[in-house]
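The values are calculated or read from the model by the stated rules, or taken from the named source; none is laboratory data. Predicted model only: the values in this text are computed from it and were never measured. In this analysis, Cβ positions are derived from the backbone assuming ideal geometry, glycine residues included, and neighbour counts consider all displayed protein chains.
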Amino acid sequence: METLMKSYRIKEYDQPVKRYCRTLDLRDDPELINEYRRRHSKENIWPEVIAGIREVGILEMEIYILGTRLFMIVETPLDFDWDSAMERLSTLPRQQEWEDYMSIFQMAKPGSTSDEKWQPMERMFHLY
């Protein structure tokens, strides 16, 4: 019996890229989770947030959800420096306002930056 599995096409780049994988937990409240999803829809996400993400050099960002667990994949050019980009992102228009706005849904301290909330994941397996 075949299961209904979603797959997602990935972008192709004219340059090599690197990938970052990070995780964050949401509060265990179905209404809050539905609202979090709604606020991340194309119609509701703040354009300044999208512009800031692109401005610091991020090529692609995806967030996946399973229950209360979020998994974020970020693709960047090889010369991308995560720490300096996140420091810069936190100063861009409306970015911290967005983080504060999202903190009611997340298991994170209010006032935290995106970089403080989203914890890096370690790759424990790679199909060589």
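Do the conditions hold for PRO77, that is, is it of a type outside the set (A, V, I, L, M), over 11 Å from the mean Cα position of the chain (by Cα) and either buried (at least 16 other Cβ atoms within 10 Å of the Cβ) or under 15 Å from GLU99 (Cα atoms) (or both)? Criteria not met by PRO77.
Could you check region 4-41 and list, in sequence order, the residues that are modelled with pLDDT of 95 or more, part of a loop (DSSP other than H, G, I, E, B) and of a type in the set (D, E, K, R)? Within region 4-41, ARG27, ASP28, ASP29 qualify. Filtered by the rule that a residue be in a loop (DSSP other than H, G, I, E, B), free of Cβ contacts under 8 Å to residues at least 60 places away in the same chain and among the aromatic types (Phe, Trp, Tyr), region 98-128 gives PHE125, TYR128. Selection of first residues in region 23-39 that are in contact (Cβ under 8 Å) with a residue 24 or more places away in the chain and closer than 10 Å to PHE105 by Cα and of second residues that are of a type in the set (Ser, Thr, Tyr) and not in a helix (DSSP H, G or I), restricted to Cβ pairs under 9 Å at least 6 apart or on distinct chains, gives the following pairs, ordered by first then second residue: ASP25/THR68; LEU26/THR68; ARG27/THR68; ASP28/THR68; ILE33/THR68.
Kindly evaluate LEU24 against the criterion of being in contact with a helix residue (DSSP H, G or I) (Cβ under 7 Å, 6 or more places away or on another chain), surrounded by 13 or more Cβ atoms within 10 Å (Cβ to Cβ) and among the hydrophobic types (A, V, I, L, M, F, W, C). For LEU24, the condition - in contact with a helix residue (DSSP H, G or I) (Cβ under 7 Å, 6 or more places away or on another chain), surrounded by 13 or more Cβ atoms within 10 Å (Cβ to Cβ) and among the hydrophobic types (A, V, I, L, M, F, W, C) - is met.
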